[in-house]
Amino acid sequence: MEIALVTGSAGLIGSETVRFFANKGLTVVGIDNDMRSTFFGEEASTNWCRDQLEKEVDGYLHYDQDIRSEKDMENIFQKFGKDIRVIIHTAAQPSHDWAVNDPFMDFTVNANGTLVLLEMTRRYCPDAVFIFTSTNKVYGDTPNRLPLVELEKRWEVDSSHCFYEKGIDESMSIDQTKHSLFGASKVAADVLVQEYGRYFEMKTGIFRGGCLTGSGHAGAELHGFLAYLMKCTITEQPYRVYGYKGKQVRDNIHSFDLVNAFWYFYQEPRIAEVYNIGGSRFSNCSMLEAIEKCEQITGNTLNWSYDESNRIGDHIWWIGDVSKFQQHYPGWQFKYNIDDILLEIFEGLKKRI
């Protein structure tokens, strides 16, 4: 039996992973205790997605457990042992705003939970591939030091600096910068995954994502930029834009495209490899551009306000350079651009709200 173990399996990336790897013929074991509802309230619960997975994915096995529990994780890893061929770790406290509310929970979920999973992998299935969903927040606010120019609807890197023509690559330092507490806990996890790879020669891959999105996102005010924005545009709920004149830029990658990248890595794994992964120049938008697109799709006018105070440690401009991953895995390519993503989110939300 070939098992894919997926943490955060009812979340956006986790559920996409469950379906994708099950379609490839693997038996999928999911771990998810719906902590998203703890972080962001009942409206952000992913139990609806768990129910779908259990009904629709043949052979899916779900464990309602906390990844921080050494005992519970050991029981699962002992049970399946070396049948576990790949661990895709997507579980996290994902909001840099929320982390300030409870730094202990943020750090233990993101850092300690990752350590528990790495150690169980080393003990019970050391030949398995370990894939970690990291974040561009490990770079802190260093991207804000780039030479930026203000355009009508977005900030952009000064075109004379051709080094950033494709976006920000993995050579950017993660040191001497303001990360946010969330960013710091993800740095700890990111470095742990690298270290287990190098120190124990384990096959580990670290994917530093931009905005991860798709119709399966349970968007909330503190996490899930495009999904929450579209939800507010549909329902006419008020939406607040924080700082940078609403011209801050994000690259957005559809969950399918990210999980497809996971699959490519699983097929030809490397040791302690780090990748920036996001929509790159193929799929990105500013806040103002996203609002405009949501209004065009829904036919509604978003009820939004502007707060001059930017979020602490927030990026003014982020577009990730995915060239390294594309060089290592030339067969991988994007399927969804920003317009495809927003239309799919709209159609998905219309069915649920």
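Bear in mind these aren't lab numbers, they're just calculated from the coordinates by the rules spelled out. Because the structure is predicted, anything quoted here is derived from the model rather than measured. Glycine also receives a Cβ, built like all others from the backbone with ideal geometry; neighbour counts cover every protein chain displayed.
Segment 1-57 and segment 166-195 have Cα centres lying 26 Å from one another. The convex hull drawn around the Cα atoms of segment 3-352, when projected onto a plane and averaged over every direction, covers 16.2 nm². List, in the order given, every pair from Lys166/Lys247; Lys166/Lys350; Lys137/Lys324; Lys166/Lys351 whose Cα-Cα distance in the structure shown is over 27 Å. Correct reply: Lys166/Lys350; Lys166/Lys351. Each of Trp263, Thr301, Gly279 was placed along the dipole of segment 213-303 (beta-carbon charges, centred on the mean Cα), and the one lying farthest toward the positive end is Thr301. Between the amide H of Thr135 and those of Gly209, distances stay under 5 Å, these residues lying 5 or more places away or on another chain, with hydrogens modeled in the peptide plane. Dividing the mean sequence gap of close Cα pairs (under 8 Å, 6+ apart) by how many residues segment 3-352 holds gives a relative contact order of 19 percent. Taking every alpha-carbon pair under 8 Å whose residues sit at least 6 apart, segment 138-221 reaches a relative contact order of 29 percent. Summary value for segment 32-144: 28 percent relative contact order, contacts being C-alpha pairs under 8 angstrom separated by 6+ residues. Rounded to the nearest 500, the helix-only mean residue ellipticity at 222 nm of the chain stands at -11500 deg cm²/dmol, with each DSSP H run of n ≥ 4 adding -39,500 (n - 2.57).
Membrane-span-like helices in the chain (whole DSSP H runs, Cα extent of at least 27 Å along the helix axis, mean Kyte-Doolittle hydropathy of at least -0.5): 181-200.
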